Each structure stands twice: as C-alpha cells, then as structure tokens.
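Worksheet: the structure to be examined is printed underneath.
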Amino acid sequence: MKIGLVLPSLPGYSETFFRNKILGLQQNGHKVILFVNNSKSENNYLNSKVIKAPDFGGNKFSITFNSFIQILKTVFVNPKKSFKLYKLSQEDGIPFNRNIKQIISNQFLLSEKLDWLHFGFGTMALGRENIARAINAKMAVSFRGFDYYVFPVKNKNCYNLLFSKKVKFHVLSDGMIQGLKEKGISRNDVFKITPAVDIPLFNFQRKKENIILHITTIARLHWIKGLEYTLEALALLKNENINFHYTIVGEGIEKERLQFAAYQLGLSKNVTFTGKLSPNEVRNQLQQTDIYLQYSIQEGFCNAVLEAQAMGLLCIVSDAEGLSENILDNETGWVVKKRNPALLADKIKKVIALSEEEKQHIRRKAVERVQKEFNLEKQKQEFLMFYE
C-alpha cells in the first residue's frame with residue numbers, strides 16, 4: 001500500500017510512536033509518504049518521501065508568489081482532483097471563498113496517488129475532510145489527548161463535519177472509543193492502538209532504595225500536566241519532614257511559573273528542572289527514581305508512564321482519561337483523583353510505607369503487563385491490521 005501520513009513536522013528520533021509505526025509499515029513492504037507543515041527536523045532517517053505544505057507567511061510579495069504557484073498547480077497539475085474537492089466541499093455547504101482557499105492551500109495533499117490518507121492528529125483533518133475522497137483514498141484520523149479532549153472545549157462542534165465522513169479512527173483508550181460511539185461513530189470504524197515501549201531500552205533493572213526518596217515526572221511544562229498540583233502535594237510532604245528530591249523532565253511555556261511556584265512553596269532545593277532529555281538520559285533518570293508521578297489534569301494515555309512501569313518504578317497517576325487504563329489501580333500502580341494535592345500526598349505516604357514485598361509485587365506486575373501488552377512489535381502488528 002501507499003500511505004500518506006499528515007503531521008506537523010518530521011518525527012524526531014525520540015518520537016517512538018510515529019517512528020515505530022512508519023518503520024513497521026516500511027518493513028512490511030508498504031510505502032509511507034510524509035506530508036508536513038515544517039520539514040526542519042533531524043535527518044530523515046525514516047527513508048520516506050517528504051512533501052512540505054506551502055508557506056503562506058512572510059511579506060506580501062512572498063504570500064502573493066506562493067499563492068500564485070499553488071493556483072497554477074490547481075489549474076494545470078491537479079485540475080480534476082481540485083474540481084472534485086470543490087464539488088464535495090460545495091455539497092457540505094462550505095462558502096465559496098473558504099472552499100477556494102482550502103483547495104489552494106491543500107494542493108500539496110493532492111499531489112500523490114494514495115491508498116490511505118492518515119491525519120496524525122484530529123485537528124490536522126479540519127478543513128481537509130474531503131481531500132481523501134477527492135484523491136480516491138481511504139481516510140484515517142488519529143486522536144490524542146489534546147485534540148480529542150481539550151481542543152473541542154474552545155472550538156464547539158469543530159469535528160461535526162469530520163464525524164459525518166467515512167473515516168477510520170485511531171484512538172488511544174477505551175474511553176475515547178466510548179466517546180466516539182456517543183457521537184454516533186460505528187464501533188467498527190474505531191481502532192485502539194496504545195503507545196508502546198522500547199522494551200530493550202527501558203528494561204527492568206531494580207536498584208537499591210535511595211537514602212533520599214527520588215521522585216520523577218516526565219512532561220511538557222504545560223498546565224494540562226497538573227505539575228502545580230504535584231508541587232503542592234510535595235510541599236505537604238516536606239511539611240511532614242519527609243526527605244525527597246523531585247525531578248521534572250521536559251520543557252514548555254510554564255517553566256517560569258512552575259519555578260516560581262516551587263519557590264513560593266519552599267521547594268526550590270527539592271526540585272530540579274532538567275529540560276528535555278534524550279531517551280538514554282531519560283532511562284538513566286528513571287534508574288535513579290523510586291516513585292514516578294503523572295498527576296495530569298488531562299491525558300490521552302502517556303508513554304512516559306509506560307516507560308516508568310517497564311523500569312519497575314512505583315507509579316502514581318491521576319484519574320485523567322487514559323491514565324486509569326495505563327495503570328491498573330492497586331495492581332500495577334495507583335490512581336488518584338485529579339486536582340487534589342492532599343489526596344496525592346496521602347497516597348505517596350502510603351506507598352512509602354508499604355513493605356518491600358508489597359512494593360516488589362506491584363513492580364513485577366507492572367513490568368509483566370508492559371512487556372506483554374505495550375511492546376513495539378505488538379504496536380507494529382496492530383497498525384498493519386489497521387490498514388487492512
């Protein structure tokens with residue numbers, strides 16, 4: 001098959017989800033073409049053809065020139081596909097001006113003959129709901145946490161047109177499946193494929209307990225990750241003279257706010273912000289960790305929690321969406337109601353107080369489940385089945 005994957009940019013080497021999917025398809029003889037907004041990335045180690053979206057930014061001359069080039073493509077390169085796209089959008093009641101703009105801006109997606117056109121995020125399919133049909137391809141859309149749970153809150157009914165089309169949806173959790181069913185999507189058109197872990201890299205190597213409790217979170221520094229609630233919970237532990245150090249791995253727009261929150265809570269000496277780390281550096285950090293926290297307000301599933309479990313860490317997460325499927329409460333870790341720092345602090349204390357035998361039981365169950373249910377080979381096979 002020839003599969004077009006629409007993404008914001010080329011997947012970085014550390015983006016396991018997309019990288020593993022693409023390599024798995026290629027290994028099974030399928031061709032993958034990447035359609036991206038921004039091709040500036042690491043080397044294209046994926047050996048895929050890359051087609052970049054036209055850039056309509058910059059000065060008036062640049063905008064006019066690039067628009068003219070796309071108009072020429074509309075008229076001389078893709079006239080039949082463009083006209084079909086126009087008619088399909090017209091049937092949907094798309095206003096003339098917007099219809100023409102969408103045809104011009106999406107010429108790069110009309111350039112290839114494909115079996116599948118797969119939008120890597122739900123938001124990337126907006127305004128492009130008819131393109132797959134215009135090029136006689138099947139359409140697929142992946143939903144993740146932000147585009148499924150958060151984006152529609154500010155953009156009411158944004159997916160109504162998409163949900164009216166013949167689409168195969170890829171989701172991360174059973175909760176997402178149920179949500180789509182409630183919107184009238186047939187269960188046969190929804191396929192769950194969870195994130196997966198590079199088991200040889202994040203392999204279980206239990207070390208001795210630290211003298212000081214080491215706690216880690218891997219997350220974008222964004223309000224959605226609940227890091228301020230996490231800091232408030234840790235401040236409660238400090239007030240009870242529990243000795244710990246908390247490491248936050250990741251970067252984002254909330255860094256200054258979170259650093260100031262740590263300062264106000266009296267945690268400046270207890271908290272380290274490392275910024276972004278490579279997979280090997282992440283593994284090294286997890287090796288030094290006793291408890292892994294992911295106290296998000298919203299979470300589609302979370303690959304980092306799987307990696308922590310694969311490493312045999314004691315994991316405590318919030319009950320945000322996919323996390324309660326990622327962790328089996330009291331079996332492979334613990335699930336705590338979100339937005340409740342006192343409840344989180346209490347759970348951390350209870351986990352600390354567990355006997356070594358009880359901790360080892362949880363670690364073993366977590367490692368076994370990740371190795372069986374969330375390995376890369378299983379994910380590759382699921383994506384092959386997705387396109388069949």
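A viscosity of 1.567 mPa s and a temperature of 4 °C, combined with the Kirkwood radius over Cα pairs in Stokes-Einstein, give a translational diffusion coefficient for region 321-388 of 92 µm²/s. Note that region 285-293 has calculated 3J(HN,Hα) couplings of 5, 5, 4, 8, 9, 9, 10, 9, 10 Hz, one per residue in order, obtained from phi through the Karplus relation 6.51 cos²θ - 1.76 cosθ + 1.60 (θ = phi - 60°); glycine and proline are x.
With R₀ set to 45 Å, the beta-carbon distance separating F76 from N28 gives a calculated FRET efficiency near 0.80.
If you take the Cα Rg of region 213-373 and divide it by 2.2 N^0.38 Å, with N the number of residues, what do you get?
0.95
Sequence-ordered 3J(HN,Hα) estimates for region 369-383 from the Karplus curve with 6.51, -1.76 and 1.60 and θ = phi - 60° stand at 5, 5, 4, 7, 9, 10, 8, 5, 5, 4, 5, 4, 5, 5, 6 Hz, glycine and proline given as x.
Along the axis of the charge dipole computed for the chain (Cβ charges of +1 for Lys and Arg, -1 for Asp and Glu, origin at the Cα centre), the listed residues S173, C158, I218 are led at the positive end by C158.
Put a plus charge on the Cβ of each Lys and Arg, a minus charge on the Cβ of each Asp and Glu, and nothing anywhere else: the dipole of region 213-373 about its Cα centre is then about 200 debye.
Close amide-amide hydrogen proximity is noted between N37 and L7, S9, A53, each under 5 Å apart and 5 or more residues distant or on a separate chain (H modeled in the peptide plane; Pro and chain starts excluded).
Sorted from greatest to least, the principal axis extents spanned by the alpha carbons of region 172-297 come out as 53, 35, 26 Å. Which whole number in µm²/s is D for the chain by Stokes-Einstein, with the Kirkwood Rh taken over Cα pairs at 10 °C and 1.306 mPa s? Calculated translational D: 70 µm²/s.
Projected label points at R133 and Y263, each 7 Å from Cα along the beta carbon direction, are separated by 5.6 nanometres. Under conditions of 37 °C and 0.692 mPa s, region 163-246 yields 190 µm² s⁻¹ as its translational diffusion coefficient, taking Rh as the Kirkwood radius over Cα pairs in the Stokes-Einstein equation.
For E281 and K87, the difference between the fully extended length at 0.36 nm per residue and the C-alpha to C-alpha distance is 64.7 nm. Based on the Cβ-Cβ distance from F273 to L384, what FRET efficiency comes out when R0 is 41 Å, to the nearest 0.05? Taking R0 as 41 Å, the efficiency between F273 and L384 is 0.55. Computed over the Cα atoms of region 14-143, the ratio of the radius of gyration to the Kirkwood radius (Rg/Rh) comes to 0.98.
Think of region 213-373 as having a plus end and a minus end, set by charges on the Cβ of Lys, Arg, Asp and Glu; of N280, V351, A308, N280 sits farthest toward the positive end of this dipole.
For H118, the residues whose modelled amide H falls within less than 5 Å of its own, excluding neighbours fewer than 5 places apart on the same chain, are G4, L5, V6, A140. Amide H of N375 versus every other amide H placed in the peptide plane: which residues, excluding those fewer than 5 positions away on the same chain, fall under 5 Å? Sorted by chain and number, the residues that satisfy this are V197. Just list whichever of K31/K372; K31/K80; K225/K380; K49/K168; K80/K113 have alpha carbons separated by over 18 Å in the model shown. In this structure, K31/K372; K31/K80; K225/K380; K49/K168 lie more than 18 Å apart at Cα.
The magnitude of the dipole of the chain, with charges of +1 and -1 set on the Cβ of Lys/Arg and Asp/Glu and taken from the Cα centre, is near 1440 debye. Across region 226-235, computed HN-Hα scalar couplings (Karplus, 6.51 cos²θ - 1.76 cosθ + 1.60, θ = phi - 60°) run x, 5, 5, 5, 4, 4, 5, 5, 5, 5 Hz from first to last residue, x flagging Gly and Pro. From most to least packed by mean Cβ count within 10 Å, the peptides 213-225, 314-326 give 314-326, 213-225.
Taking other residues whose beta carbon is less than 15 angstrom from the beta carbon of E321, and scoring Lys, Arg as +1 and Asp, Glu as -1, yields -1. In whole percents, the pair-distance distribution calculated for region 273-365 from its alpha-carbon pairs, binned every 10 Å from zero, is 16, 50, 32, 2.
Using a simple charge model, +1 on the beta-carbon of Lys and Arg, -1 on the beta-carbon of Asp and Glu, nothing else, what dipole does region 1-125 show about its Cα centre, in debye to the nearest 20?
Its charge dipole is roughly 300 debye.
Between S164 and K337, the modelled labels are 4.1 nm apart [label points 7 Å from Cα along Cα→Cβ]. Counting only the Cα atoms, region 76-205 fills a convex hull of 149 Å³ per residue.
Rule-based calculations on the coordinates, nothing more; no lab input. Keep in mind it's a predicted model, so treat the numbers as computed, not measured. Every residue, glycine as well, gets a Cβ built from its backbone with ideal geometry; the counts of neighbours run over all protein chains shown.
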